[in-house]
Amino acid sequence: MIILSEKDTGKNVVINMYRKQSDIDFRYFFGQKVTDVNTEKNLPLGVAFENAGLIIECPWRLQVSNEIVIGYSDCIQAPDKYTHKNVKTILMGKKIMNILHFEEVSDLVFGI
């Protein structure tokens, strides 16, 4: 789950995935800013940070104010309308508050 708190709008942005949280420690990423998002067609969602990178190879959904605005399946089913460029627009420049990994699917939590 990725949660971005946007100062200007007061909205939360969430990339939502699934359930049971694992014990993986992602504190290394905390406080790092998103510097790039992979926009290459047919590649997994990749996020670059100031001193790290993360490839998300599982399905994901991006929510803004509890509404899903884009997801993995959108990019696959309607690539003319939805791409990783949409995700890049939302994530660029945001700092990570937390990263959660869940047993079945990886979840990330970002914030500014």
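How about the range 1-38: which of its residues are part of a loop (DSSP other than H, G, I, E, B), modelled with pLDDT of 85 or more and open to solvent by less than 50 Å² (accessible area, probe 1.4 Å)?
31, 32, 38
Based on what the data block shows, is residue 88 at pLDDT 70 or above, open to solvent by 50 Å² or more (accessible area, probe 1.4 Å) and touching a helix residue (DSSP H, G or I) at 6+ places or on another chain (Cβ under 8 Å)? Give the steps one after another, and end with the answer.
Numbers: at pLDDT 70 or above: yes; open to solvent by 50 Å² or more (accessible area, probe 1.4 Å): yes; touching a helix residue (DSSP H, G or I) at 6+ places or on another chain (Cβ under 8 Å): no.
Against the criterion (at pLDDT 70 or above, open to solvent by 50 Å² or more (accessible area, probe 1.4 Å) and touching a helix residue (DSSP H, G or I) at 6+ places or on another chain (Cβ under 8 Å)), residue 88 does not qualify.
So, residue 77, is that one open to solvent by 30 Å² or more (accessible area, probe 1.4 Å) and modelled with pLDDT of 85 or more or not?
Yes; evaluated as a whole, the condition is true for this residue.
The values are calculated or read from the model by the stated rules, or taken from the named source; none is laboratory data. What you see is a predicted model; the values in this text were computed from it and never measured. Note that we place each Cβ from the backbone using ideal geometry, even for glycine, and neighbour counts take in every protein chain shown. Protein only, heavy atoms only, side chains kept; ligands, DNA and RNA dropped before computing areas. Shrake-Rupley method; radii C 1.70, N 1.55, O 1.52, S 1.80 Å.
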